[in-house]
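First comes the structure, then the notes that go with it.
The values are calculated or read from the model by the stated rules, or taken from the named source; none is laboratory data. As the structure is a prediction and not an experimental result, all values here were calculated from the model. As a convention, Cβ positions derive from the backbone with ideal geometry for all residues, glycine included, and neighbour counts pool all protein chains shown. We work out accessible area using only protein heavy atoms, side chains counted, and drop any ligands, DNA or RNA first. Shrake-Rupley method; radii C 1.70, N 1.55, O 1.52, S 1.80 Å.
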There are 2 protein chains.
Amino acid sequence: MLTPDRIAINQATTKTQWGFRDSVEGYASRGVRRIGIWLDKLQECGLAEGKKILDANGMAVTGVNRAGPFVLDGSVPLSAAVDGARTAIDVAAELGADCVLVFPGGMPQGSRDLAGARGRFVSVAAALVDHARGTGVTLGLEPLHPMLAADRSVLNTMTEANDLCDALGSGIGIVVDAYHVWWDVRLKAEIARAGAERLVGFHVSDWLVPTRDLVFDRGMMGDGVIDNAEIRGWMEAAGYAGAVEVEIFSERDWWQKDPDEVVRTAIDRCRTFV
Amino acid sequence: MLTPDRIAINQATTKTQWGFRDSVEGYASRGVRRIGIWLDKLQECGLAEGKKILDANGMAVTGVNRAGPFVLDGSVPLSAAVDGARTAIDVAAELGADCVLVFPGGMPQGSRDLAGARGRFVSVAAALVDHARGTGVTLGLEPLHPMLAADRSVLNTMTEANDLCDALGSGIGIVVDAYHVWWDVRLKAEIARAGAERLVGFHVSDWLVPTRDLVFDRGMMGDGVIDNAEIRGWMEAAGYAGAVEVEIFSERDWWQKDPDEVVRTAIDRCRTFV
């Protein structure tokens, strides 16, 4: 059974209910000591105050969301996106986070050039990894589900993430979010390939049947088809000993509930289903 | 540019507007000479009459939809599903179709055992391929998008389809539906691996941004992000010389339109975007 010190909760899980301070205090009040944070929530109080709130609650940061997106669509110059990513890395360093999540973004509007978008992201990751090494922060590549390839992320499988890590060397790792990769016949093999050094995060939630929205209809562990416990076993067999982080985007269901109930349920379900 | 004799239309494209006869006649009236058919539509008139309608319109059948699903959920005994699949194969033989589409189905309700469901499908495919060889019909494996792994198909990538073909030998091939596989970084390599012998179908439509439904929100070629022309190039480089089949499930848009307009648009878009 998962011990409580392994459990983390990502602020996205109570995105609509709780701001930065409330989520830190709310998770802590239920005994959670690890949190995945979002920069837009941190901005409510600023880095210095945010750090105080975390420290006062004995809360360690798993991942900082996020560096990116990096999409050449004319809305944000690529150089500005890269500068923003460097800032995210610096924040992660300041907070002693396990990693900063790197979010490639999708294809530019009107484009059909998926390979081109992927190639550009490789260049961006290469540019960022130098900065990350200088700060001691690990870049966390998180393959996102193929249904998000067009508009959210062009990095869609563990195989691609491992290939990119092979190419870039140290300073970069992989966050395995079960929701995005559970379907992949190569998942177990690619987790083993990644190994302890490269595995920097593990996110859990569940895939609902039916799924009514491509982004915001995740389920609580146990309510869907993902065998989170089996995937955790694969992670640990590969040497992963880090947090098990609950990250649930659920516009119609969990984001409508009492946040304390969400947290209690998440902890219970981690024990039963992860 | 795609020549008209290469274009096929799948009956699903005008699913709500036209029955079996209307779709055959409607497509033929616009010069289309190949059609992908569905057994539920064929049942409107029966096999003998259906064959007459096809012949009278000079219409060749690309694929017969479909053999399966094969899900051990207690609703249909597996033996009955396999018997039904043999009947679908016999119909495809009678119609001289290029292939019969094999539809694995998803995971049984309440199950989290994806690997188990995949293993069972391998056994089913092995049982069917003998029957298919006896009739001269090719089984068409169509990898479906990973977002459909839970409830529609546990066969989700070209790699898995090629691996299964390797295991089962002759009598089985692959239908490449661009909508399901366009995101896959291995697509070009796996099309080349499949080669002319194994590639038995090519379906086109488009991935819309945003996509509002996991099954019934496909776009017309040119309205989304898929580079159908590039994928057709990969198919032809691998030796594929068969039909380019338009298959669009579109509850909110194309299924609401005048079906003749749908057909005219599909043909135009094939010329421009495929």
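I need the inter-copy label distances for residue A:119: point set 7 Å along Cα to C-beta, values in nm with one decimal, smallest first.
Taking the point 7 Å beyond Cα along Cα→Cβ, the inter-copy spacings are 4.3 nm.
Tell me, Kirkwood radius of the range B:1-130 from alpha-carbon pair distances, in Å?
15.9
Rounded to whole Å and ordered largest first, report the semi-axes of the equivalent ellipsoid of the range B:4-273 derived from its Cα gyration tensor (root of 5λ).
Square roots of five times the eigenvalues give 26, 22, 19 Å.
Over what distance in Å are the Cα centres of the range B:15-81 and the range A:95-171 separated?
Computed from Cα coordinates, the inter-centre distance equals 44 Å.
Report the local net charge at residue A:239: Lys and Arg +1, Asp and Glu -1, summed over other residues whose C-beta lies under 11 Å from its C-beta.
Once positives and negatives cancel, what remains is -1.
Is any helix in chain A, taking whole DSSP H runs, at least 18 angstrom long along its axis by alpha carbon and on average at least -0.5 on the Kyte-Doolittle scale, and which ones? Mind showing how you got there, number by number?
Details: long enough: A:78-95 (26 Å, 0.80); A:114-135 (31 Å, 0.50); A:259-273 (20 Å, -0.47).
Helices passing the filter in chain A: A:78-95, A:114-135, A:259-273.
How far is residue A:46 from the same spot in each other copy, in nm, shortest first, if each label point sits 7 Å from Cα toward Cβ?
Copy-to-copy label distances at residue A:46, shortest first: 8.3 nm.
Please name whichever of B:87, B:108, B:200 sits farthest to the positive end of the charge dipole of the range B:4-273, dipole taken about the Cα centre and charges placed at Cβ: Lys and Arg +1, Asp and Glu -1.
About the Cα centre, the residue reaching furthest to the positive side is B:200.
Return the value, in Å² to the nearest 100, of accessible area buried between chains A and B (probe 1.4 Å, both sides summed). Intermediate values should be presented prior to the final figure.
On the way: alone 11220 and 11260 Å², together 20150 Å².
Answer for the A-B pair: about 2300 Å² buried.
Please report the equivalent ellipsoid semi-axes of the protein assembly as shown, computed as sqrt(5 x eigenvalue) of the Cα gyration tensor, largest first, in whole Å.
45, 25, 21
Which whole number gives the average, over all residues in B:146-155, of C-beta atoms from other chains lying within 10 Å of the residue C-beta?
Numbers: counts 11, 8, 3, 6, 10, 6, 1, 0, 2, 1.
What the average comes to for B:146-155 is 5.
Filter B:51/B:188; B:41/B:257; B:15/B:51; A:188/B:188; B:51/B:257; A:15/A:51 down to the pairs with a C-alpha to C-alpha distance above 29 Å, please.
B:51/B:188
What is the percent carbon and sulfur in the accessible area of the protein assembly as shown, measuring with a 1.4 Å probe over the protein chains and ignoring ligands?
48
Measuring from a point 7 Å out along Cα→Cβ, what nm distances, shortest first, does residue B:212 have to its partners in the other copies?
Its label point is 1.5 nm from the equivalent points in the other copies.
What accessible area per residue comes out for chain B, rounded to a whole number of Å², with a 1.4 Å probe?
About 37 Å² of surface per residue is accessible.
Can you tell me how the range A:1-69 classifies by the Cα gyration tensor, rounded, prolate or oblate, using a/c under 1.5 as the rounded cut?
The shape class here is prolate.
In square angstrom, rounded to the nearest 10, how much accessible surface does residue B:172 have for a 1.4 Å probe?
10
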